[in-house]
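Here it is, the structure in full.
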Amino acid sequence: MNRLGRPRHRRRRLGAEARAEIAELAAAVADAHCPAERVAPERIARAKAVTLSWGRYGPAFDGMLEHLDGRFHIYVNLDRVGRPDAPRARFTLAHELGHYYLDAHRRALAAGRAPAHRSRCDWESPNLAEQEADHFAAHLLMPAGRFGRALDGVPLDLSGVIALALRFGASLTAAALRTVACSAAPCAVVKWNWSGVSWARLSSAAFTGRLGAAVDAPARLPDDAPTRRALAGEVPPAEGFFTAGATAATWFSAVAPGSRRDVLLIEQAIPLGRYGVLTFLRLSPDA
Ligand SMILES: [Zn+2]
């Protein structure tokens, strides 16, 4: 339920204009503080005199931005994000910097209109402010220009996503989302939790228009599909993920089997430990 007591029907999504503005701001911050190398959110916080605590604060939040007497302080919760240099910790710090750099967020905190802000960086929040901070974080760690150039140099598949995640110090999920958003070729990423699909993103409106929505229950996929195998806890091959061919009709309910839109896809799925499974789909070279 929302504050007015009406049922919440749909997750609100950030508009295209807001996404573009936030991406531009994050890239400008990255270029100003870390122009030539891997972005170091800790260095950016230091340059802005935002102080930091790394601690063990239980399950309540990943990160928190606090405003006290004109100063900002970020807490990063090692109980939830792992080591300070882990991708999730870097993303959490970048997300809190988003709340600092985005004018409306900072002003609300500084004016006391918002309490100390507690965040969970899981890409699943229906809260627009959280989506804005996630979007800022993804573009701070993977600014459009350098990410696009790096994307050109790797295969459009999970091996490429893994290489990009390592290069930019980002999580696989964040790197996969940026890959799908930046790729000129049609592709999609689907995040699964233990009860079904968390979310899905397709690379373009044209691809979405052609195929419609992706399946939302693993039971709709064949038993031996990479996604089913990863969700079943099977151990993947040495490269870390399962790969197989699939048809568009298997994955997209609006596509009739054998129709012109029923193209061949490559399906890859990688286990994310307690966070679930990530599926990457692209057109097969034979499509
Ligand atoms: Zn937040």
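Normalised by the residues of the range 183-238, what does the relative contact order come to in percent, with Cα pairs under 8 Å and at least six apart?
That works out to 24 percent.
Report the FRET efficiency, 1/(1 + (r/R0)^6), for residue 68 and residue 149, where r is their Cβ-Cβ distance and R0 is 35 Å, rounded to 0.05.
Efficiency at R0 = 35 Å is approximately 0.30.
Filter the GluC sites (Glu not before Pro) in the range 232-287 to those in DSSP coil with at most 16 other Cβ atoms within 10 Å of their Cβ, and list the result.
Of the GluC sites (Glu not before Pro), the ones in loops of the range 232-287 whose Cβ has at most 16 other Cβ atoms within 10 Å are 234, 239.
DSSP loop trypsin sites (Lys or Arg not before Pro) in the range 211-287 with at most 15 other Cβ atoms within 10 Å of their Cβ, which ones?
260, 261
OK, next. For residue 238 and residue 85 in the same chain, what is the full-extension length gain: residue separation times 0.36 nm, less their Cα-Cα distance, in nm?
That works out to 52.6 nm of additional length.
Right, something else. Give me the accessible area per residue for the chain, probe 1.4 Å, as a whole number in Å². Don't jump to the answer; show the numbers that get you there.
Details: 14050 Å² over 287 residues.
Per-residue value: 49 Å².
So which residue, out of 23, 36, 200, gets the largest mean-square fluctuation from a GNM of the chain using Cα contacts under 10 Å as springs?
36
Another question about this same structure. Using the basic label-point model (7 angstrom from Cα toward the beta carbon), what is the residue 24 to residue 193 distance in nanometres?
3.5
Something else about it: Expressed in nm to one decimal, what extension gain is obtained for the pair residue 182 and residue 37 from 0.36 nm per residue of sequence separation less their Cα-Cα distance?
Gain in length upon complete extension: 50.2 nm.
I want the antiparallel fraction of DSSP beta bridges within the chain, as a percent rounded to 5.
On the way: 35 of 40 bridges.
The answer is about 90 percent antiparallel.
Still on this structure, please answer the following. Between residue 14 and residue 48, what FRET efficiency follows from the Cβ-Cβ distance if R0 is 22 Å, with the result rounded to 0.05?
Approximately 0.40, to the nearest 0.05.
So how tilted is helix 158-168 from the main axis of the chain? Cα-based, degrees 0 to 90, rounded to 10.
Around 10 degrees separate the two axes.
State, to one decimal in nm, how far the label point of residue 159 lies from the label point of residue 284, with both points 7 Å from Cα in the Cβ direction.
For residue 159 paired with residue 284, the spin-label model returns 1.8 nm.
Can you tell me the relative contact order of the chain? Whole percent, Cα pairs under 8 Å, sequence separation 6 or more. List each step's numbers first, then the result.
Working: 474 pairs, mean separation 39.5, N = 287.
For the chain, the relative contact order is 14 percent.
Can you compute the modelled spin-label distance between residue 128 and residue 205, with each label point 7 Å from Cα toward Cβ, in nm?
1.9
Report the local net charge at residue 41: Lys and Arg +1, Asp and Glu -1, summed over other residues whose C-beta lies under 9 Å from its C-beta. Kindly include the intermediate steps, with their values, before the conclusion.
Numbers: positive: 43, 90; negative: 42, 96.
Local net charge: 0.
Return the carbon/sulfur percentage of the accessible area of the chain, one whole number, probe 1.4 Å, all protein chains in place.
Details: 7430 of 14050 Å².
Carbon and sulfur together cover 53 percent of it.
The values are calculated or read from the model by the stated rules, or taken from the named source; none is laboratory data. Keep in mind the model is a prediction, meaning the values are calculated, not measured. Ideal geometry is used to build each Cβ from the backbone, glycine not excepted, and the neighbour counts take in all protein chains shown. The protein model used for the area step is the full one, side chains on, heavy atoms only, and it has no ligands, DNA or RNA in it. Shrake-Rupley method; radii C 1.70, N 1.55, O 1.52, S 1.80 Å.
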